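Below: the structure, in structure tokens.
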Amino acid sequence: GGSREGCGRDSCKERIMDIAVIGGGGREHAIIKALKHSKGVSHIYALPGNGGIAEDAECIAIGAKELDAIVDFAVEKKINYVVVAPDDPLVLGLVDMLDEKGIPCFGPDKAAAIIEGSKAFSKRLMKKYGIPTASYEIFDDMDAALKYIETCPIPTVIKADGLALGKGVIIAETRDEARVGLRTIMEDKKFGASGDTVVIEEFLDGPEVSVLSFTDGKVVRPMVSSMDHKRAQDGDKGLNTGGMGTVAPNPYYTPEIAEECMTKIFLPTIKAMAEEVFKGCLYFGLMITEDGPKVIEYNSRFGDPETQVVLPLLDGDLLEIMRATTDGTLADVDFTFRDEAACCVVAASDGYPVAYEKGFEITLPDEHEHIYIAGSKLVDGKQVTSGGRVLGVVETAETLGEAIDKAYAKLEEVHFDNMYFRKDIGTKALEALK
Ligand code: AMP
Ligand code: GLY
């Protein structure tokens, strides 16, 4: 940030915003790329960022869960606005801590982030306000839960109450799997204290849709819909991952479904959060069942890798939108999503999500504006792999088919040893369009 002295005009202040983005994955890279095009941004810090983000922001070696260090840094550097991207710092209350220092943030405070932080909270909220979701029971006593499992419908779904890196969900096809699954969560504490309480819920069937939305607690403005590909292997086989690719828009999210979601899910959720006013990005994980759309989960943040296909289609100023969610003026901001399609193919280290080698040099094509880096670090000025998901190649086009072809063509220009990616990102969406 340069000198702030001697310019009292608003238009001048607008031009010298120093921003900090918390997090260091592909989602954060996509957010930072979009913020670079926003009016008024003078400098972007990423905490901690990664080797690829370093091309677009100044990376500071402070982890997303080091809340005190983040606050000290923001105060010392007189940061004007902080974008808190990952779930952990939101649920731990980073927004509240920064707010106390007078630093405005994008993201919900601790009280509102509980909509993702506790599945028991979100299920009770949906029941109370008649928001469609899988029917469920909540247990904090393992014997009672074990007893319930003997009679509940099978398959059944068992979820640890708290955050579990997106892995705290067990879909049990048999009663025995349910017994074993329950014990791993409640007895072996596979997800730590997150498993002190479990939600056991009805198994739902149907295509899944991700809808991210901006909200200031008063209005909710959905972004373009998207489709995640969570399983590691082609044909939706293999283990659950953080997401191996995405496309937008999601063909199952028709205008009729969108309208139904708005009246039955989005608006009622914002209204239900009257006490814990939610500001930021509210992510609706939906399943389109025979009985209509139902909520699978709420997230209190942008999705990864959904963000990578959603933000490139945004026609608007991301910083202006974000600040409007904080200020409660979201209704006044002009933005839309282009009527195009986007595809993100994730390149991972082979073996992800279980065990994989890292430290391999990454080669990128010269033009890599829309390659979002998730897991790399700089060693002697070169990027080397440092995570399971390494990067996402994103392309947009007029049609989904073209976007998919362009993304896979671009991926051929990316190299690192041990590279693995799914070959069928978007195939299901293309078939649904027929
Ligand atoms: P979550 O961590 O809540 O996103 O759940 C992970 C995945 O488990 C979801 O994306 C769904 O594919 C699946 N899932 C979660 N809840 C249910 C349910 N009630 N019925 C069927 N599948 C579910
Ligand atoms: N892609 C799923 C998530 O961000 O939770």
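For residues that are of a type in the set (A, V, I, L, M, F, W, C) and open to solvent by less than 10 Å² (accessible area, probe 1.4 Å), tally how many sit in segment 334-362.
Filtering segment 334-362 down to residues of a type in the set (A, V, I, L, M, F, W, C) leaves 335, 337, 341-348, 354-355, 360, 362.
Imposing the further condition that a residue be open to solvent by less than 10 Å² (accessible area, probe 1.4 Å) reduces the set to 341-348.
Going through segment 334-362 one residue at a time, the tally reaches 8.
Pairs needed: first member in segment 283-307, within 18 Å of Lys264 (Cα to Cα); second member anywhere, away from ligand 1 (no atom under 11 Å from the Cβ) and part of a loop (DSSP other than H, G, I, E, B); C-beta distance under 6 Å; at least 6 residues apart or different chains.
Note: pairs meeting the criteria are Ile288/Tyr252; Lys294/Pro132.
Quick check, is Phe191 of a type in the set (Phe, Trp, Tyr) and within 16 Å of ligand 1 (Cβ to nearest atom)?
When the stated conditions are applied, Phe191 passes them.
Which one of Val199, Val224, Val169, Val211 is more than 16 Å from ligand 2 (Cβ to nearest atom) and not acidic (Asp, Glu)? Talk me through it step by step, then tell me what you get.
Numbers: Val224 fails: more than 16 Å from ligand 2 (Cβ to nearest atom); Val169 fails: more than 16 Å from ligand 2 (Cβ to nearest atom); Val211 fails: more than 16 Å from ligand 2 (Cβ to nearest atom).
From the options Val199, Val224, Val169, Val211, the qualifying one is Val199.
If Phe302 passes every condition in (1) open to solvent by less than 10 Å² (accessible area, probe 1.4 Å); (2) in contact with a strand residue (DSSP E or B) (Cβ under 7 Å, 6 or more places away or on another chain); (3) more than 27 Å from Thr133 (Cβ to Cβ) but one, which one does it miss?
(3)
Return the residue satisfying two criteria in turn: it lies in segment 211-238 and is open to solvent by less than 10 Å² (accessible area, probe 1.4 Å) and among the polar types (S, T, N, Q), and of such residues it is nearest to ligand 1 (Cβ to nearest atom).
Filtering first and then ranking leaves Ser226.
Could you check segment 188-207 and list, in sequence order, the residues that are crowded, with 17+ Cβ neighbours inside 10 Å and not in a helix (DSSP H, G or I)?
Lys190, Phe191, Thr197, Val198, Val199, Ile200, Glu201, Leu204
Tell me which residues, restricted to segment 31-43, are open to solvent by less than 10 Å² (accessible area, probe 1.4 Å) and without any contact (Cβ under 8 Å) to a residue 60 or more places away in the chain.
Listed by number, the list holds a single entry, Ile32.
Okay, residues lined up against (1) within 16 Å of ligand 2 (Cβ to nearest atom); (2) within 23 Å of Lys119 (Cα to Cα):
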{"site": "Gln233", "(1), (2)": "no, no"}
{"site": "Asp236", "(1), (2)": "yes, no"}
{"site": "Thr246", "(1), (2)": "yes, no"}
{"site": "Glu256", "(1), (2)": "no, no"}
{"site": "Glu259", "(1), (2)": "no, no"}
{"site": "Lys264", "(1), (2)": "no, yes"}
{"site": "Ile296", "(1), (2)": "yes, yes"}
{"site": "Pro305", "(1), (2)": "yes, yes"}
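Kindly list, by first and then second residue, each pair from a residue in segment 121-132 that is open to solvent by 20 Å² or more (accessible area, probe 1.4 Å) to a residue that is of a type in the set (A, V, I, L, M) and part of a helix (DSSP H, G or I), limited to pairs with Cβ atoms under 6 Å and residues at least 6 apart or on different chains.
Phe121/Ile114; Tyr129/Ala272
Do the conditions hold for Gly280, that is, is it at pLDDT 95 or above, more than 16 Å from ligand 1 (Cβ to nearest atom) and at positive phi?
So Gly280 fits the description; yes.
Every residue in segment 384-403 that is within 13 Å of Gly25 (Cβ to Cβ) and under 17 Å from the mean Cα position of the chain (by Cα), please. Let's see the steps before the verdict.
Residues of segment 384-403 within 13 Å of Gly25 (Cβ to Cβ): 386-392.
The answer is Gly388, Arg389, Val390, Leu391, Gly392.
Being under 21 Å from Glu320 (Cα atoms) and among the acidic types (Asp, Glu) narrows it down to one of Asp56, Asp88, Asp72, Asp68, so name that one.
Asp56
Being of a type in the set (Val, Ile, Thr), within 16 Å of ligand 1 (Cβ to nearest atom), open to solvent by less than 60 Å² (accessible area, probe 1.4 Å) and in a helix (DSSP H, G or I) narrows it down to one residue among Thr246, Thr269; which is it?
Thr269
So Ala403 ticks every box in (1) in contact with an Asp or Glu (Cβ under 6 Å, 6 or more places away or on another chain); (2) buried (at least 22 other Cβ atoms within 10 Å of the Cβ); (3) part of a strand (DSSP E or B) but one. Which box is left unticked?
(3)
Can you run down the residue pairs with Cβ atoms below 6 Å, 6 or more apart or on separate chains, where the first is in segment 188-216 and of a type in the set (Val, Ile, Thr) and the partner is within 15 Å of ligand 2 (Cβ to nearest atom)?
If the second residue must be within 15 Å of ligand 2 (Cβ to nearest atom), the pairs left are Val199/Lys119; Val199/Lys159; Val209/Ser225; Val209/Asn250; Val209/Leu286; Val211/Ser225; Val211/Phe284; Thr215/Leu282.
The values are calculated or read from the model by the stated rules, or taken from the named source; none is laboratory data. Keep in mind it's a predicted model, so treat the numbers as computed, not measured. In this analysis, Cβ positions are derived from the backbone assuming ideal geometry, glycine residues included, and neighbour counts consider all displayed protein chains. When the accessible area is computed, the model is the full protein with side chains, heavy atoms only, and any ligands, DNA or RNA have been set aside. Shrake-Rupley method; radii C 1.70, N 1.55, O 1.52, S 1.80 Å.
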